[in-house]
Amino acid sequence: MVTVASCGHFISGALFSSWAATLVVIGADEVEPKVKAKAAEEYDLGREIKVIPCQSRGQLSRTASIFDPAFVNIHGVVAEARDEAWMAEFQKQFDLTWFCKLRTANYFAQANWRRSVVDVDDLPSTMERSLLKTSRDVRTQLKSRLRIFELSQHENRLHRRFDVLGVCSEHDREILGGRSSIHVIPNGFKRPLSLPIRKPSQPPRIGFMGLYSYSPNSEGVRWFIRHCWDRVKAEVPGVRLRLVGEDSNGPLKPNDPSVDGLGWVENPEEEVASWSHMIVPIRFGAGTRVKIADAFSRKCPVVSTRFGALGYEVEDGRELALADNPADFTAACIRLLKDTETATAMAERAYRRFLEKWTWEAISPRVLETAEDCLRLNSGR
């Protein structure tokens, strides 16, 4: 049996279809009833654990914790003591505990977990390294360097805290030391029930998808609007930018009449089908961007920064267009808006690649191998 500990979201039960699985939900916010109902279709539900902010620490305490192998609370929030005790006992009855995020395990004071896998979906030091590259402020750069050192010390201890580590790219695997107990499990997306049919609108639309209050997303869109959007509009009159995702229709929405903030869209199939292409102008963050796999699954052409496509085995001009500076990013958007034949051919290649590499069915064997590795290490078999 496996217990799946999830931080505020649910990993697809299809990935654990080989085992009897119980889901423990851990997070600061209430889980919506409809989301609970969906989870109950795939899992036995164990317990919903709330987390609370912990007492802030002074600089001396922070410095000392860098070298403390028992310190894990790098996120500033913790589970209550009664939930901590419950989790310690509950976990003992399972053959395997799978933490869907590193921060999920770090909510508990317990440093070392037996019979465990942690899915390090977002490597904390990677976020800081990417911020360092994009920042021009000296104080911010110094803060990032100190934070990178602190986080790297914690990450270097992960192989001793958990039996097996899961990461979403070879890039992250190498950062963590490239050990045999580190498995690459890429981000993925569900396989469409039917072949995607594209219906690009006129005037044309460019789209972006993601939680807009997440700073890498909002900063990326602001960068695109500030450096690329005016030139795109001049070359393709009437074009609109469509933002899909929670908070994209709120106070954070760009103040531009040519930008439409649609907010959360439960089923964005028709909306995405109307886009000429999707942009992924992400310049900092961690992990890999699931929006890339999402776009590929819908046969939607993509223009992305190289960082936005990090972790995917793709090439510029084959599955998507890659560009990092404003001039090249702008030119790629204009090219796909005007040359629909090239855009369509690129999206077809991306869709075939998606079916091979990034569906749940393609990823499931890697999940199974990771779990079997953990069980083998603990049983001696």
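For trypsin sites (Lys or Arg not before Pro), the sites in the stretch 95-183 that DSSP calls loop and that have at most 13 other Cβ atoms within 10 Å are Arg114, Arg136, Arg179. Normalised by the number of residues in the chain, the average gap of Cα pairs under 8 Å and 6 or more apart makes the relative contact order 15 percent. Can you bin the stretch 65-217 into rounded, prolate or oblate? Criterion: square roots of the alpha carbon gyration tensor eigenvalues sorted a ≥ b ≥ c, rounded for a/c under 1.5, prolate for a/b above b/c, oblate for the rest. Oblate shape, in that a/c is at least 1.5 and b/c is the bigger or equal ratio. For the stretch 248-283, list residues with backbone N below 12 Å from a point placed 7 Å from the Cα of Lys199 toward its Cβ? Label zone hits: 269-275. Using a cutoff of 8 angstrom between alpha carbon atoms and counting only pairs six or more residues apart, the relative contact order for the stretch 316-372 works out to 34 percent.
Helix-derived [θ] at 222 nm for the chain: sum -39500 (n - 2.57) over DSSP H runs of at least 4, divide by residue count, nearest 500?
Per the formula, -12000 deg cm²/dmol.
With the highest mean first, a sort of the peptides 71-79, 204-212, 299-307, 361-369 on other beta-carbon atoms found within 10 angstrom per residue produces 299-307, 204-212, 71-79, 361-369.
Relative contact order for the stretch 252-327: 27 percent, from Cα pairs under 8 Å spaced at least 6 residues apart, divided by residue count. Using the Cα gyration tensor of the stretch 205-358, with a ≥ b ≥ c the square roots of its eigenvalues, what is the shape: rounded (a/c below 1.5), prolate (a/b larger than b/c) or oblate (neither)? Rounded, since a/c falls under 1.5. Measuring r between the beta carbons of Asn255 and Gln141 and using R0 = 30 Å, the FRET efficiency lands at 0.50.
Just so you know, all these numbers are worked out from the coordinates, no wet-lab data involved. Because the structure is predicted, anything quoted here is derived from the model rather than measured. Methodologically, a virtual Cβ is constructed for each residue, glycine included, from the backbone with ideal geometry; neighbour enumeration extends over all protein chains shown.
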